[in-house]
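Here is the structure we will look at, set down as structure tokens.
The values are calculated or read from the model by the stated rules, or taken from the named source; none is laboratory data. Not measured: the values here are computed from a predicted model. Please note: Cβ atoms are built from the backbone with ideal geometry, for glycine as well, and neighbour counts cover all protein chains shown. In case anyone asks, the SASA skips ligands and DNA or RNA and just uses the protein heavy atoms, side chains included. Shrake-Rupley method; radii C 1.70, N 1.55, O 1.52, S 1.80 Å.
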Amino acid sequence: MNLLFGRNASLQLRLIIAVVLSGLIMLGDRYTSGASTIRTSLNTFVSPLFYFANMPSEFLNWSSQNLDSRELLLAENASLKEKQLLQNAKLQEFNFLQSENLKLRALLNSSAKLDNKKLVTKILSIHSNSYNQQVVINKGFLDNVVEGLAVVDDLGVVGKVVQVGSSTSRVLLMTDNTHAIPVRVLRNNIKTVVEGSGKLNQVELPHVPHSKDIRMGDILVTSGLGEVFPEGLPVATVTNIERDEGKPFAKVYAQPIAQLDRIRLLVLLWSQQAEVISNDE
Amino acid sequence: MMNRHYWLILLSIFVALVAALIPLPRALQPFQPDWVLLILMYWSLALPHRVNIGTAWVVGLLMDLAIGSPLGVHSLTYSVSIYITASNYQKIRNYSVPQQSLLIALFLALYHLLQFWVSHFLIDIYFLPQYLWPVLTGSLSWVWIFLLLRKYRRHFRIR
């Protein structure tokens, strides 16, 4: 059905309505927190898209696994068993240290740190916005995921959960422009903040005065101050320091310890603090 | 909305959304054309009374949710681009397909610059000329998309 005359007047009205609505939604998303509940409920409409978009890479992984030779699988099995045995031995030491730590904290009447609850999750192969650094994981509020959970991989900190859907969530990587994490230098306990710069393998430390004692090769770990990341997780290593006396601050660049371009499986960490009732009260 | 014309158009938009979400190898990622916008533009040229600014706005919102950009960015930019094609559809239809692809390159450039401007306002990003590669690849794939969707439309007699 081809119309002879175009309906141009109502097009402009529709454009104005669309622009105004979009503007309201943009401002609402940025400046209010109600948008996260809207996003969570609307995410159920997009989950079939994620499911279909993930299927090709799932299929490729499945077929490559099924086509592996038997010798390869046996060798992989043996090396994994050996790795697990070594880690279990280390875990026995860790259990002892943890119980000793608990007793010492009780002696000092300070609050104990409980075991953090953990959840393993897989990254879906989904392309995200090129202006952000985000990944999509396959756990949502049905698995008790909430906004603001710390996300780590086996080497170090990766980022935090920013949006939660019913069975998928979004993780903001620490190299994103809008992500900041409070850290301390392992060597001398200096507290500072690590911000993402938008590049995949580089983060920067803003507002570092020239007098701060930071050297190349320093390891930065989380300081636990922001109440999002538990204390002591490795974050980045300092790679470059530019001290230009003419500028008010030094420029410090660091490289994340986690290999952010190769992450597949991640662990979500809930950080908890609990009071320990000491012996004599 | 129970008629099959609408469902067939929605099916093509669904396929475009899935194609926009499938990740390409990292080296090819900057060159990925904007499938959803190209398909919306085709439908707004072919059937402007069916696919219009409302459809573009809703599809833009779905794209925002799927891709993770701030809500409202894609709906704004899609609405503006589809306004341009839907209000000039008679003129654009009269061009040959390669000439149309030059016009589409212009519209895509507007879309990308508008999207960068809005994202800069919301999330403080800086401009790199590499952000404009999808303009070139999008206008090159327009010929292919136009012919493919025209065959699809004629085969199912979508009106």
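Principal-axis analysis of the Cα atoms of chain A puts helix A:8-31 at an angle of about 10° to the longest axis.
Just to make sure I understand: if all protein chains stay in place, what is the order of A:Phe59, A:Phe94 by accessible area at 1.4 Å, largest first?
On the way: A:Phe59 125, A:Phe94 100 Å².
From most accessible down to least: A:Phe59, A:Phe94.
Placing unit charges on the Cβ atoms only, positive for Lys and Arg and negative for Asp and Glu, gives segment B:50-159 a dipole magnitude near 920 debye about its Cα centre. Using only side-chain charges placed at the Cβ, +1 for Lys and Arg and -1 for Asp and Glu, the dipole size of segment A:34-108 relative to its Cα centre rounds to 380 debye. To the nearest 10 degrees, how steeply does helix B:53-67 sit against the main Cα axis of chain B, on a 0 to 90 scale? Long axis of B:53-67 versus the principal axis of chain B: about 40 degrees. Rounded to the nearest 10 degrees, the angle from helix A:70-107 to the longest Cα principal axis of chain A is 60 degrees. Residue by residue along A:22-28, Cβ atoms of other protein chains within 10 Å of the local Cβ number 6 on average. With the biggest extent put first, the Cα atoms of chain A measure 86, 63, 48 Å across the principal axes.
Spatially, segment A:15-69 and segment A:151-188 are offset by 19 Å when compared through their Cα centroids.
Computed with a 1.4 Å probe on the full set of protein chains, the accessible area for A:Asp218 sits at about 10 Å². Given a 1.4 Å probe and the protein chains as shown, A:Lys118 ends up with an accessible area of around 120 Å².
Farthest toward the positive end of the dipole of chain A, out of A:Thr121, A:Ala75, A:Leu97, is the Cα of A:Thr121, where the dipole comes from beta carbon charges about the Cα centre.
How large is Rg over Rh for segment A:146-281, taking Rg from the Cα atoms and Rh as the Kirkwood inverse mean of 1/r across Cα pairs? Rg/Rh: 1.03. The convex hull defined by the C-alpha atoms of segment A:97-154 has an orientation-averaged projected area of 6.4 nm².
Each of B:Trp7, B:Trp43 has its accessible area taken with a 1.4 Å probe; listed largest first, they run B:Trp7, B:Trp43.
Among A:Thr192, A:Thr32, A:Thr175, the residue with the largest mean-square fluctuation in a Gaussian network model of chain A, with springs joining Cα atoms closer than 10 Å, is A:Thr32.
By the rule of a C-alpha distance below 17 Å, with chain neighbours fewer than 8 residues away ignored, the lysines paired with A:Lys103 are A:Lys113.
Leaving out same-chain residues fewer than 8 places away, which aspartates and glutamates sit with a Cα under 16 Å from that of A:Lys117? Straight-distance partners of A:Lys117: A:Asp143, A:Glu147, A:Asp153, A:Asp154, A:Glu227, A:Glu231.
Based on DSSP H runs of at least 4 residues, each adding -39500 (n - 2.57), what is the mean residue ellipticity at 222 nm of the protein assembly as shown after dividing by all its residues, to the nearest 500 deg cm²/dmol?
-16500 deg cm²/dmol
Evaluated with a Cβ-only charge set (Lys, Arg +1; Asp, Glu -1), chain A carries a dipole of roughly 620 debye about its Cα centre, given to the nearest 20.
May I ask you to rank B:Trp144, A:Trp270 by accessible area, largest first, using a 1.4 Å probe over the protein chains only? Mind showing how you got there, number by number?
Working: B:Trp144 150, A:Trp270 35 Å².
Per-residue accessible area, sorted high to low, gives B:Trp144, A:Trp270.
Taken over segment A:8-146, the alpha-carbon convex hull comes to 214 cubic angstrom per residue.
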